[in-house]
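Structure first, commentary second.
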Amino acid sequence: MFTATVTGWAVTLAAIAGLIAVDVWHSRRRPRVVGLREASGWSLAYIGFAALFGIAFALVAGWDFGAQYFAGYVVERSLSIDNLFVFVIIMSTFAVPDEHQPRLLMIGITGALILRTVFIALGAAMLEAFSFTYLLFGLGLTVTAVQLFRHRDADPSVEENVVVAAARRRGLPPMLLALLAIATTDLVFALDSIPAVFGITQHAYIVFAANAFALLGLRPLYFLVSGLLDRLVYLSSGLAVILGFIGVKLVLHFLHLHDPGVPEISTGLSLGVIAVVLAITSAASLVEVRRDPRRRAHAGSLRARPERVE
């Protein structure tokens, strides 16, 4: 049985804080448009950091727990790509200058990480105290999967964000509105992603690490794929399948706790299903866009720039 030590938590938090500090310092020192080459380098670096952490963690805790971390990281990374659709729209809607986008994203991501840490602690406590939390999380993810699939071609709307709408009525500047939009939007994303990772592992330390490394890599990923997002026409459908699968996994785990005869879905199978679904989704998207170049994901938002806020 794995238990994270105080030293383990301290080292992990220090490493994540160090990465955030370097990223913030870099974005403040050289505020400019992030090019494809720089975004590619940072994206690969963050993937490398996440992989090195996973390997080191697996060597210390065992490869079963290492597999749980990697599965959780893949889920969070996949969900974060869908989040980028909304970030692209937010930046465009509030006319955020290109040179200020890296810093704004980093501030939003740091706030999101702090917020998710609170959610993870609450989720872990609920799972420890009440077994029916597994059932609630499972049913919640299943409902989210159905809604995501039903609205897979719908454009996200910043206008539906009540916090941003209230701030706009008070005449707050567009940059602050954009930051509020990113922070509050990520709050909604966390309600889906945190239960999804708890469907992979029940260890709060692993859930936190998977979330942290996935979020830290979100800033360079935004600049790397923002121009390619509209080619992932089946991404929402694939994510709906993954969330639905994890929802079923949580429900089965809840039933297994009350009846050992009910089968459970292993971590290895979970990782395999997630990888296969993402591979099929990506390949099918590229084939579809090549077959019909007019086909785009969230076409209305990404092909035509929304009206900017002055």
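The values are calculated or read from the model by the stated rules, or taken from the named source; none is laboratory data. Nothing here was measured: the structure is a model prediction, and the numbers come from that model. In this analysis, Cβ positions are derived from the backbone assuming ideal geometry, glycine residues included, and neighbour counts consider all displayed protein chains. Protein only, heavy atoms only, side chains kept; ligands, DNA and RNA dropped before computing areas. Shrake-Rupley method; radii C 1.70, N 1.55, O 1.52, S 1.80 Å.
Data for the structure
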| quantity | calculated |
| --- | --- |
| Residue count for the stretch 103-124, restricted to those that are of a type outside the set (A, V, I, L, M, F, W, C) and open to solvent by less than 30 Å² (accessible area, probe 1.4 Å) | 3 |
| Those residues of the stretch 75-102 which are open to solvent by 20 Å² or more (accessible area, probe 1.4 Å), within 9 Å of the chain's Cα centre (by Cα) and hydrophobic (A, V, I, L, M, F, W, C), in sequence order | L79, I81 |
| Residue that is surrounded by the fewest Cβ atoms within 10 Å (Cβ to Cβ), among those in the stretch 7-30 that are more than 21 Å from the chain's Cα centre (by Cα) and at pLDDT 85 or above | T7 |
| Qualifying residue in the stretch 222-245 (condition: modelled with pLDDT of 80 or more, in a helix (DSSP H, G or I), β-branched (V, I, T) and open to solvent by 50 Å² or more (accessible area, probe 1.4 Å)) | yes |
| Close pairs from the stretch 261-285: first under 22 Å from F198 (Cα atoms), partner charged (D, E, K, R), Cβ under 8 Å, at least 6 apart | E264/K249; I265/K249; T267/D64; S270/K249 |
| A210 vs. criteria small (G, A, S) and buried (at least 21 other Cβ atoms within 10 Å of the Cβ) | yes |
| Residue among F213, F189 that alone is part of a helix (DSSP H, G or I), under 11 Å from E76 (Cβ atoms) and modelled with pLDDT under 75 | F189 |
| Matching residues in the stretch 128-139 - criterion: being in contact (Cβ under 8 Å) with a residue 24 or more places away in the chain, assigned to a helix (DSSP H, G or I) and surrounded by fewer than 19 Cβ atoms within 10 Å (Cβ to Cβ) | F132, L135, L139 |
| Selected residue (criterion: nearest to T12 (Cα to Cα)) from residues of the stretch 54-64 that are open to solvent by less than 30 Å² (accessible area, probe 1.4 Å), in contact (Cβ under 8 Å) with a residue 24 or more places away in the chain and assigned to a helix (DSSP H, G or I) | F57 |
| Search result, residues across the stretch 257-297 that are of a type outside the set (G, A, S), open to solvent by 50 Å² or more (accessible area, probe 1.4 Å) and part of a helix (DSSP H, G or I) | L257, H258, L269, L271, V276, I280, L286, V287, R290, R291 |
| Given (1) in contact with a helix residue (DSSP H, G or I) (Cβ under 8 Å, 6 or more places away or on another chain); (2) surrounded by fewer than 19 Cβ atoms within 10 Å (Cβ to Cβ); (3) within 25 Å of F65 (Cβ to Cβ), number of the condition G217 does not satisfy | (2) |
